Amino acid sequence: MKHSKGEKINGWLIIDKPIGMGSTQVVNQTRHLFNAQKNGHTGTLDPFASGVLPIAFGEATKLIPYVTDGKKEYEFTLKFGSTTDTLDLTGQIIASSEIIPSQEQILAVLPSFLGEITQIPPAYSAIKINGKRAYDLARAGQNVAIPSRPITIYSLQLLKMLPDSQALFRVECSKGTYVRTLGADIAQKLGTYGHLTALRRTKCGKFSLSDTILLDNLKKLDYSALQQSLLPLLTCLCDITVIAISEEEAVRLQKGQKLSAASYGLEGKNQEMVAVVSDQPIAIVRIEGKSISPIRVFNL
């Protein structure tokens, strides 16, 4: 979201989103705190969920896809024996069962969820159907038919059994994964029902809980401390290769022109890199064949 007024601020702010607040609310509050022209988040966290919410400011918004396309990690608490219309504790119970699986039974089914699997997102989700959000249709009482989609589960662990027929899990997954659906599917595989009672995102791309700051703590900082809370523009690309170019070539990239890959010994590399001048990022470039082409140009 861009506003004509405000300061040109560039970088990343990693918020530990509290329960009960929407992602857009966090974006609005942080933009106000920094008096920033432009910021945005890297993927919605429901008000029900907490945890890592990266906020991109200014030119960092051009790098949002590099975060949203990355792996995510969540910890979630699954309550067995009942399910709700939202698949979490915010909804109404719509089905129940007396079957409560044991730890051994849970461990036995988890491997079946690893790798690429298909998943049907919940009716109460932000997916658009014929131009309308699924949760708006569901709240209006309409039947929501959402097609299944492929996702990847890289790891799935049972961390511990909890009281009141609950269990704590950790999952590392691809973008597009609905953890509420995963919880319900685990319960279904065990012959019962289930819904989430807690959900916390612990990693999002390169960012983890160790990078976060609480919104309430952020509000207590003065202007200088606020600036120090920002992470550099390229933090989300910490493992990408850097190529140093001249100021003249930087001008060419900023105009959308290509450079010669052979002059850098990169002909045929076929990869993405960051072009810099004196450690100042100029553009994300792609080496293809004989050319170095700009794909994201920074205006710093």
Original post:
Can you pull the Rg over Rh of the chain, Cα-only, Kirkwood?
Top reply: 1.04
**OP:** Give Lys175/Lys255; Lys38/Lys219; Lys17/Lys160; Lys203/Lys290; Lys17/Lys38; Lys160/Lys203 a once-over and call out the pairs whose C-alpha atoms are over 26 Å from each other.
**Re:** Lys175/Lys255; Lys203/Lys290
Subject >> Tensor-based shape of region 167-300 (alpha-carbon gyration tensor, a/c under 1.5 rounded, otherwise prolate or oblate) >> reply: oblate
Original post:
Using unit Cβ charges (K, R positive; D, E negative) and no other charged atoms, how large, in debye to the nearest 20, is the dipole of the chain about its Cα centre?
Top reply: 740 debye
Original post:
Rounded to the nearest whole Å³, what is the per residue volume of the convex hull around the Cα atoms of region 240-297?
Top reply: 66 Å³
Original post:
Given a Förster radius of 45 Å and the C-beta distance between Ser291 and Ser96 as r, what FRET efficiency does 1/(1 + (r/R0)^6) yield to the nearest 0.05?
Top reply: 0.15
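Every number here is computed from the coordinates shown, using simple stated rules; none is lab data. Because the structure is a prediction, the values reported are computed rather than measured. Using ideal geometry, Cβ is built from the backbone for each residue, glycine included, and neighbour counts are taken over all protein chains shown.
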